[in-house]
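Before any comments, here is the structure.
Values in this text are rule-based calculations from the coordinates and carry no lab data. As the structure is a computational prediction, the values presented were derived from the model and not from experiment. A quick note on method: Cβ atoms are made from the backbone with ideal geometry, for glycine too, and the neighbour counts reach across all protein chains shown.
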Amino acid sequence: MSDLTSLFNKALKVRKNAYAPYSQFHVGATVLSSNNNVYLGCNVENVSYPNGTCAETGAIAAMVAGGDVLIKDIVVVADSKLLIKPCGACLQRIFEFSNGNTKVHLADLGGIKKTYLISELLPLAFNEEELKK
Ligand code: THU
């Protein structure tokens, strides 16, 4: 099984744990870090809607807690006719832990359907340089 297929299968599995009673939209995400560790996340909603978190956010938090800070690949899976794409906030979160080779794989329940570099999805990311006066 290829690395990507295995990442997809893990994303599919963690998606089953998504807590999405309000949207009924279940999302799973898997991160493969530069140290070849795998981290999982699912969306976790809240009755106070803005407090909900995306699957990507969960996977990235797990990665940082695990001691890694560079995403090689991230797979996001949902049951969406139009392929799911990370929201703007999550693109910025992915960007924070990316380099020029970081890939974002978009999947439906059948597998990965599209792959982008983070720079293609967020070409004008807010970045450290802009903090300078
Ligand atoms: N969601 C994610 O987890 N990831 C995305 O990339 C887009 C949206 C979640 C947030 C919310 O729980 C539900 O999907 C509907 O927006």
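In the range 51-69, the residues that are among the hydroxyl-bearing types (S, T, Y) form Cβ pairs under 8 Å with partners that are within 7 Å of the ligand (Cβ to nearest atom), at six or more places apart or across chains, as follows: T53/N43; T57/C90. The set of residues in the range 17-28 that are of a type outside the set (S, T, N, Q) and either more than 9 Å from the ligand (Cβ to nearest atom) or surrounded by fewer than 20 Cβ atoms within 10 Å (Cβ to Cβ) (or both) comprises Y19, A20, P21, Y22, F25, H26. For residues that are part of a loop (DSSP other than H, G, I, E, B), in contact with a strand residue (DSSP E or B) (Cβ under 9 Å, 6 or more places away or on another chain) and either within 24 Å of N99 (Cβ to Cβ) or among the small types (G, A, S) (or both), tally how many sit in the range 1-34. Matching residues across the range 1-34 total 3. From the list V31, V14, V76, the one residue that fits, being surrounded by 20 or more Cβ atoms within 10 Å (Cβ to Cβ), of a type in the set (V, I, T), within 17 Å of K114 (Cβ to Cβ) and within 16 Å of the ligand (Cβ to nearest atom), is V76.
Criterion applied to G88, G110 was being away from the ligand (no atom under 15 Å from the Cβ) and either among the aliphatic types (A, V, I, L, M) or over 11 Å from the mean Cα position of the chain (by Cα) (or both), and the one residue passing it is G110.
The residues of the range 34-45 that are farther than 14 Å from I84 by Cβ and near the ligand (Cβ under 9 Å from one of its atoms), listed by number, are V44, E45. Here is a check on your reading of the model: is N51 in contact with a Ser or Thr (Cβ under 7 Å, 6 or more places away or on another chain), among the polar types (S, T, N, Q) and within 13 Å of the ligand (Cβ to nearest atom)? Spelling it out, it is not the case that N51 is in contact with a Ser or Thr (Cβ under 7 Å, 6 or more places away or on another chain), among the polar types (S, T, N, Q) and within 13 Å of the ligand (Cβ to nearest atom).
Taking the criterion of being within 22 Å of A20 (Cβ to Cβ) and not in a loop (DSSP other than H, G, I, E, B), the residues of the range 35-46 that qualify are Y39, L40, G41, C42, V44. Being within 15 Å of the ligand (Cβ to nearest atom) and either within 11 Å of the chain's Cα centre (by Cα) or without any contact (Cβ under 8 Å) to a residue 24 or more places away in the chain (or both) is a description that does not apply to L124.
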